[in-house]
1. Extending each Cα 7 Å along its Cβ direction at GLN145 and ASN189, get the distance between those two points in nm, one decimal.
2. Output the peptides 178-188, 255-265 sorted from most to least packed, where packing is the average of other Cβ atoms within 10 Å over each peptide's residues.
3. Roughly how many nanometres apart are two label points built 7 Å out from the Cα toward the Cβ at HIS248 and THR349?
4. Taking the highest mean first, how do the peptides 337-344, 161-168 order by number of other beta carbon atoms within 10 angstrom per residue?
5. Spin-label point model (7 Å from Cα, Cβ direction): what's the SER116 to ASN203 distance in nm?
6. I'd like the FRET efficiency for ASP322 and TYR221, computed as 1/(1 + (r/R0)^6) with the beta carbon distance as r and R0 of 56 Å, rounded to 0.05.
7. What's the extension gain from THR235 to LEU287 if we count 0.36 nm per residue and subtract their Cα-Cα distance?
8. Order 291-303, 146-158 from most to least packed using the mean count of other Cβ atoms within 10 Å.
Amino acid sequence: MSPEIVDIIVRQTNRKAGQMIKAWNEPSPTCKPKEWKPTDEMEMYAWFGLLLFPGVFHCNNMQAKDLWHSRHFDIYNATITVNNYLVWQAVRTLTSCLSKPFRDAYKGVRKALMGSDGGEEIWRYCVADTNNVIGFAVGAIFVRQAFHGESKPEAEHMINEIREAFKENLNNLTWMDKRTRERAIDKANAITDMIGFPDYILNPRELDKKYADLEIVPNEYFENNIQVAMYNLKTNLEKLDQPVNKTHWGMTPQMVNAYYTPTKNQIVFPAGILQSPFYDTNNPKSLNFGAMGVVMGHELTHAFDDQGREYDKFGNIHRWWDNKSIERFNEKAECIQRQYGSYKMNGRTLNGKQTLGK
Ligand SMILES: [Zn+2]
């Protein structure tokens, strides 16, 4: 580590979760960003950083302001690359919470990095932020209005029928050896599913408990985003050293989407996608299978695609395939990759390898 940063001690030397949470919540006695009124733009950046990460940097007998003006954060001469990078990351994540000139300034970077400047409609910010931050509270309102009790057992039944069909098809694969096939059937049987929404959201007390540490204030958009960042950080740190929660939902109930998690060998269908035109308990079976069954089959197949196949039925990375079968799988995958990679759309060629799993 370069000598320039030695007297800033990064306190996360011990990965024990309890100690880490304590460190994050205990600001250094000398760094008090709330008592510091930044006077220029550069001080403002430092102030964000200290507000977001009060416990990370323990500054040796330095006031927050002095720390910033010391050579450790010399953003103009850019000698302290790591610190500049950390501060920039803090600033970057907050640009979308600032006024239009700041958002406009960031557009060029986003366009260069992702090929699109992301658009500007305010309603998208409102819907996306609310969904991201308190999505399960919104979800509780949504499922009470839109998700009917009988949807869940029927969807469960469909998944099982699709699983059976999938296993039957495994028998038709001439390129897969017997042992790998047996293990594939085992893995298909072990796939767990979550449908609709997590039960706790319909219990107001449990829902309140989930958001108890989150403080949201009307008309304080920027401050709210800081609060959210701290809340998310704390929630994530609390997971350290804990056993994996296999019933954690990666999507909110109202999302029109679905996913497969290889590390849990699990498929998830939120209530949002279990509605028309994908699914309706009043529809004939053929319509439901034609629209929603396709999605279920798609997610199930992810367990065996170019990435999912590397995980076993417990969700661990583990080579459970016979070498010969892997070779033949890769040959067939390459064929699809070549075919798909030759398609053009809007004058640009698709990337067959990147999209192989689809
Ligand atoms: Zn997919």
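Every number here is computed from the coordinates shown, using simple stated rules; none is lab data. Given the structure is predicted, the values throughout are model-derived calculations rather than measurements. Counting neighbours? That spans all protein chains shown, and the Cβs are built from the backbone with ideal geometry, glycine included.
1. Distance between label points: 4.4 nm.
2. Most protected by this proxy first, the peptides run 255-265, 178-188.
3. 4.0
4. Details: 337-344: 12.5, 161-168: 15.2.
In descending order of packing, they fall as 161-168, 337-344.
5. Here the modelled spin labels are 3.9 nm apart.
6. Working: r = 56 Å, r/R0 = 1.00.
Once rounded, the FRET efficiency stands at 0.50.
7. On the way: separation 52, 0.36 × 52 = 18.72 nm, distance 4.10 nm.
Answer, rounded to one decimal: 14.6 nm.
8. Details: 291-303: 19.2, 146-158: 15.2.
Ranking, from highest mean packing down: 291-303, 146-158.
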